[in-house]
Amino acid sequence: MTTDKIRKVAIIGSDISASITALHFKKYLNKAPHEICIYPTEVNSLDTIRQSCDPQILGLISEKLDIDHYSNNLDITYNSGFLYQGWSKMKNKLNKPFEIYTPYSQRMHDCGCHLNSKKLFDCILQSKDYIIKEETIKDPEEEIDADVIFDCRNGYDRDKSKYRSLKSVVNSVLISNKKGKRKGEKNLTYTKFIAAPNGWAFVIPDLDSIQYGYVYNNTISSKEDATEYFLKTFNLSEVDSDFTFESYAANKWMEGNKTILQGYMYSSVEPMDNRLHSLYKLTNQTAWDLLMGSFWSELRLIDNINAIEKFIMWHYHFGSKYKTDFWKMGKSLPFNIDADFKDMIDNSVWETHNFEKWAIGVGYNYGYDVIETMKSVEEFVKHDHNSDDTN
């Protein structure tokens with residue numbers, strides 16, 4: 001099949017995965033006669049969190065929507081990378097807790113951004129590149145005439161018998177948006193992840209405010225206890241929204257003959273980093289290869305899901321400065337180094353230097369030859385579990 005044979009692409013959904021898919025296929029089909037139809041739906045609650053976009057996604061957005069840092073409607077703030085606080089038991093030369101900073105790239109000109117995903121979708125709806133259909137779709141293959149359909153709905157009504165659970169230690173989040181910026185956060189140019197006794201918090205800059213989130217496990221902490229800790233720790237007046245979520249992946253990436261599961265209809269994980277955005281890109285590329293008759297493999301997507309699951313567990317495997325049931329549960333997740341994990345390191349936004357920074361931060365092998373050293377699973381586990389925890 002050639003690009004001129006692809007006449008109709010349908011996208012069901014309104015979240016970041018729908019936006020990325022719309023922009024990707026606008027780029028793929030740039031010189032072909034086609035129509036891309038979008039069927040807006042309710043978004044997944046996780047998408048109300050400000051999104052961190054890597055340099056590649058940011059480049060796609062700016063190119064296809066013709067926007068820049070000066071002129072845009074996406075509430076864009078600069079994002080150089082991710083700062084982890086309290087995830088390490090180590091202390092620096094000043095005897096202060098070690099912070100782990102993992103930039104998008106060792107090259108300072110490669111940067112990402114934070115943005116409002118709803119406003120991104122609104123910009124796509126307002127452009128003249130897409131056909132918008134306000135219709136409720138229940139059975140995509142029966143109700144939509146298209147060459148390919150991307151199902152990016154919120155995943156709430158999915159048939160759970162067709163999904164598997166992913167290993168995770170969190171399932172709930174509290175969110176609060178605070179006007180103005182606290183001391184030390186006025187020039188926040190990265191995403192903060194802060195370890196807590198029974199979970200972890202994120203801090204994301206907005207244009208005139210800061211978005212705070214607290215992620216926890218409601219089987220370990222009650223919502224009341226989590227709320228009390230969250231508001232007190234960050235000096236917040238109230239919680240703006242709260243919800244529970246699941247970590248899962250579909251057993252197959254296609255439904256029927258032409259419907260591709262994308263976004264939360266395909267997979268969901270905790271709001272750590274922006275790992276799912278890479279999966280959205282890979283799903284679109286795999287779909288494109290399928291449509292073009294090129295080599296494609298669903299195994300690429302399965303391996304990527306496995307790597308994302310391990311990437312999440314990597315964040316818990318060394319524990320934190322807290323010796324609590326939550327972090328003990330995190331350390332008990334069955335993390336291991338395998339080919340999928342190594343492939344992710346070689347072919348993702350997180351590169352070897354990011355893992356070396358993490359290894360230094362948690363006091364593992366001083367960061368030297370961390371990937372090769374981690375292959376010695378016996379030594380890796382022995383070192384980790386013999387480490388002294390501190391309260």
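Numbers at a glance
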quantity	calculated
By average C-beta atoms within 10 angstrom, highest first, the peptides 35-45, 245-255	35-45, 245-255
Extension gain from Thr233 to Asp208, taking 0.36 nm per residue of separation minus the Cα-Cα distance	6.9 nm
Rounded FRET efficiency, nearest 0.05, which uses the C-beta distance separating Gln285 from Asp338 and R0 of 35 Å	0.95
Within region 40-64, backbone nitrogen closer than 16 Å to the virtual label 7 Å beyond the Cα of Gln126 toward Cβ	62, 64
Region 265-317 - percent of accessible surface contributed by carbon and sulfur, probe 1.4 Å	59 percent
For Glu35, residues with placed amide H under 5 Å, excluding near neighbours	Lys8, Val9
Solvent-accessible area per residue, Å², over region 144-184 with all protein chains present [probe radius 1.4 Å]	50 Å²
By average C-beta atoms within 10 angstrom, highest first, the peptides 131-142, 233-244	233-244, 131-142
Segment Lys119-Lys133, length gained on full extension (0.36 nm per residue, minus Cα span)	3.2 nm
With every protein chain in place, region 1-57: carbon and sulfur % of accessible area (1.4 Å)	47 percent
Too-long pairs where the Cα-Cα distance tops 21 Å, listed order kept, from Lys178/Lys232; Lys89/Lys223; Lys118/Lys258; Lys178/Lys331	Lys89/Lys223; Lys118/Lys258; Lys178/Lys331
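The values are calculated or read from the model by the stated rules, or taken from the named source; none is laboratory data. Just so it is clear, the model here is predicted, and its values are computed rather than measured. So basically every Cβ, Gly included, is an ideal-geometry build from the backbone, and we count neighbours across all protein chains shown. Ligands, DNA and RNA are stripped out before the accessible areas are found, and what is left, the full protein with its side chains, is counted by its heavy atoms. Shrake-Rupley method; radii C 1.70, N 1.55, O 1.52, S 1.80 Å.
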